[in-house]
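Peer 1: After the structure tokens below, expect a handful of questions from me.
The values are calculated or read from the model by the stated rules, or taken from the named source; none is laboratory data. For clarity, every value in this text was computed on a predicted model and none was experimentally measured. Because the Cβ atoms are built from the backbone with ideal geometry, glycine has one as well, and the counts that use them run over all protein chains shown.
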Amino acid sequence: MSNIVFGLIAAIIFVLAYPFILDKLFTLLREKSRIPVYVLITSLAILLRIGGTELSHAPPPDPLLTYTFLAVLVTISAMAVVMPYICFTRLFFTPALSGRMKSLSILTGSLFQIPFLAALLINPERTVDAALPPLFAEYLPGLGHIFDAVATALGFVGQAGYDLIFTIGVTLGFYIELAIVSTVFWAIFSVFSKSE
């Protein structure tokens with residue numbers, strides 16, 4: 001039991017610290033190369049998540065694949081948290097947040113990763129009918145209902161290949177939700193930073 005608690009605490013600390021580590025690493029890059037490197041890392045992580053999910057359906061589950069899958073998922077999450085600090089400052093020519101405000105903003109975004117990761121990783125029990133295809137709303141608290149409506153309207157639900165569409169939708173939706181939350185905090189803390 002204590003190993004599980006220790007592992008959970010270590011995982012939470014890693015999830016909270018990872019955006020700070022990425023932010024520091026990106027500040028070491030030249031300003032012109034930050035956005036291309038950001039896009040490359042984020043794209044690779046998303047593609048690995050999609051491919052890893054498809055590979056994980058094949059038995060038996062490999063522990064290394066599971067840990068890699070989790071690391072990629074946390075990378076997607078952390079990249080969404082640091083997105084406004086890397087992309088918006090250059091794209092919108094806004095002044096960078098002050099050190100303290102930037103740290104508070106990244107910490108707030110990091111804290112908000114946890115419920116999104118929990119919604120994605122803790123599979124809800126299918127009480128109605130386990131034979132029904134999964135719903136986006138079970139994994140994406142914000143965009144899930146919209147994605148479900150679009151998938152139903154386009155006739156994807158229950159069709160061949162829906163698992164792949166579902167995996168792509170959940171992965172992109174997860175990134176978009178966290179990027180939106182992080183952008184809101186970035187905007188709020190930018191206003192406070194200007195008033196200092």
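Peer 1: Quick test of your reading of the structure: residue 159 fulfils all but one of (1) part of a helix (DSSP H, G or I); (2) free of Cβ contacts under 8 Å to residues at least 24 places away in the same chain. Name the failing condition by number.
Peer 2: (1)
Peer 1: If you don't mind, another one. Given (1) within 30 Å of residue 31 (Cα to Cα); (2) at pLDDT 85 or above; (3) not charged (D, E, K, R), identify the lone condition not met by residue 149.
Peer 2: (1)
Peer 1: Which members of region 152-196 meet the condition of being among the charged types (D, E, K, R) and modelled with pLDDT of 90 or more?
Peer 2: Going residue by residue through region 152-196, those that are among the charged types (D, E, K, R) are 163, 177, 194, 196.
Answer for region 152-196, where residues must be among the charged types (D, E, K, R) and modelled with pLDDT of 90 or more: just 177.
Peer 1: Can you list residue pairs whose Cβ atoms sit under 8 Å apart, with the first residue in region 172-196 being surrounded by 15 or more Cβ atoms within 10 Å (Cβ to Cβ) and the second being at pLDDT 85 or above and among the acidic types (Asp, Glu)? Count only pairs 6 or more apart in sequence or on different chains.
Peer 2: none
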